[in-house]
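Heads up: the structure comes next, in structure tokens.
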Amino acid sequence: MQVKDITAVLEAFAPLQDQERWDNAGLCVGSPDDVVHRVLVGFDCTRQLVEEAIALGADMIVTHHPLIFNGLKRIAPDDPVGAAVYLAIRHGIAIYAAHTNADKAAGGVNELMAHRLGLVETEPLDESRLGFIGLLPEPMSGEAFCVFVKERFGLKVLRCSAPVAEVARVATSCGAGSSFAELAFATGADAFVTGDVSYHHFFVPEGRMILDIGHFESEVDIVAKFVSLLQEKLPTFAICTTTQENNNPIYYY
């Protein structure tokens, strides 16, 4: 098996050309022709994830977030990104990411969010497919919806604006989706679920509410999606999921 055989499966699901212009999805370390014996799938490509790949004998890592977003001025083990690149190159490990192209893919991150909430009659907020809107099976109060969202996403903490009287129509956008709030409410959403909400975005129109579940929490389902996709298309190949219990860099106390 070669790197290009793995990436072909992922890009059939999330075409690389669908990523946003600012993104850096794709192969950031290694060659398409590198031989692969085992793949490790995770959320972020940290030094710890590369070390786990080394221990498992994996020679390719697939993650959601790209390891390299901006230009690197140096590759050194005392820098978080540099350390991961340094170790990967030393041990011959290829690193690949499917990011915004996986966010907007059919069955991708945004649809997984809507599915976790049990939304029905869903449709994209716009042509970018970076947000979805749909209906709850049954309307509920804003306070009940907060409890429901915490349960569905396994949250310790939920940040939200004042709960409204009733929530029936819900919009979602994974990651840092605050920029879709205005569109979500204009499209008729009673509640908008996303992550990385800044202070001023909590000032919402009357009768609307915004909920911040966290960036990691809104996207982490894609790891299991990548694993199931690769196992389905490459059933005899070794695909591993990270054993790290919490790859989220944000902790709550």
For this session: Give the residue, chosen from Ile61, Ile54, that is touching a helix residue (DSSP H, G or I) at 6+ places or on another chain (Cβ under 8 Å), modelled with pLDDT of 95 or more and either open to solvent by 30 Å² or more (accessible area, probe 1.4 Å) or of a type in the set (Ser, Thr, Tyr) (or both).
Result: Ile54
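Of the residues Leu87, Leu72, which is among the hydrophobic types (A, V, I, L, M, F, W, C) and surrounded by 15 or more Cβ atoms within 10 Å (Cβ to Cβ)?
Numbers: Leu72 fails: surrounded by 15 or more Cβ atoms within 10 Å (Cβ to Cβ).
Sole residue among the options that is among the hydrophobic types (A, V, I, L, M, F, W, C) and surrounded by 15 or more Cβ atoms within 10 Å (Cβ to Cβ): Leu87.
Taking the criterion of being among the polar types (S, T, N, Q) and open to solvent by less than 30 Å² (accessible area, probe 1.4 Å), would at least one residue in the range 118-137 satisfy it? Even if it seems obvious, please write down each step before you answer.
Kept after step one, since they are among the polar types (S, T, N, Q), are these residues of the range 118-137: 122, 128.
Checking the rest, the ones that are also open to solvent by less than 30 Å² (accessible area, probe 1.4 Å) come to 128.
Checking the range 118-137: at least one residue is among the polar types (S, T, N, Q) and open to solvent by less than 30 Å² (accessible area, probe 1.4 Å).
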Exercise. When you scan the range 138-156, how many residues do you find that are open to solvent by 70 Å² or more (accessible area, probe 1.4 Å), under 19 Å from the mean Cα position of the chain (by Cα) and not charged (D, E, K, R)?
Worked result: 0
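I'm trying to understand the selection: among the residues of the range 92-125, which are of a type in the set (D, E, K, R), over 25 Å from Asp5 (Cα atoms) and not in a helix (DSSP H, G or I)? Give the derivation first.
In the first step, residues of the range 92-125 are kept if they are of a type in the set (D, E, K, R); the result is 103-104, 111, 116, 121, 123.
Filter once more, so that each one left must be over 25 Å from Asp5 (Cα atoms): 111, 116, 121, 123.
Those that are of a type in the set (D, E, K, R), over 25 Å from Asp5 (Cα atoms) and not in a helix (DSSP H, G or I): Glu121, Glu123.
The values are calculated or read from the model by the stated rules, or taken from the named source; none is laboratory data. For clarity, every value in this text was computed on a predicted model and none was experimentally measured. For neighbour counting, all protein chains shown are included, and Cβ atoms are generated from backbone atoms with ideal geometry for every residue, glycine included. Heads up: the accessible areas ignore ligands, DNA and RNA and are worked out on the full protein's heavy atoms, side chains in. Shrake-Rupley method; radii C 1.70, N 1.55, O 1.52, S 1.80 Å.
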